[in-house]
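Each reported figure results from applying straightforward, stated rules to the coordinates on display, with no laboratory input. What you see is a predicted model; the values in this text were computed from it and never measured.
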């Protein structure tokens, strides 16, 4: 089992911007086509904004047409967890960081091969680390 990062609400508010806090800690959603990474094509790793855990790599990122960063698989499935989300009269599966419980977005079964999954995430929940390896 993953050891959890525990912080007080006040500590999260000091660490995160207002938008990051609203999305990652209060399960908010940023508006489509407004997030920093929805159309990014840079190579690198998308980390959790709360704890820095490596979540998704650019090699699994694709344009889903939804206006949010979308990935077909995480770097390590042990770094993400899911739970049922029944808010707004819908039945969805929420994705959150396994290390600090930051809300990342939702997962849907309409993604591309090889997984058929679409991890539809909020840019506000992510921190991008550009790939510094030589190509």
Please work out the Cα center distance from region 94-133 to region 11-62, rounded to the nearest Å.
8 Å
Most mobile of 22, 31, 47 in a GNM of the chain (Cα contacts under 10 Å):
31
Rg and Dmax of region 40-84 over Cα atoms: what are they, in angstrom?
10.9, 31
Taking Rh as the Kirkwood radius computed over alpha-carbon pairs of region 71-127 and applying Stokes-Einstein at 25 °C with viscosity 0.890 mPa s, one gets a diffusion coefficient in µm² s⁻¹ of 210 µm²/s
Mind jotting down a quarter of the surface of the convex hull over the alpha carbons of the chain, in square nanometres, one decimal?
8.7 nm²
Please compute the length gained on full extension between residue 5 and residue 66, using 0.36 nm multiplied by the number of residues separating them and subtracting their Cα-Cα distance.
18.9 nm
Given the options 94, 19, 77, state which has the largest fluctuation in a GNM of the chain using a 10 Å cut-off (strictly under) for Cα springs.
77
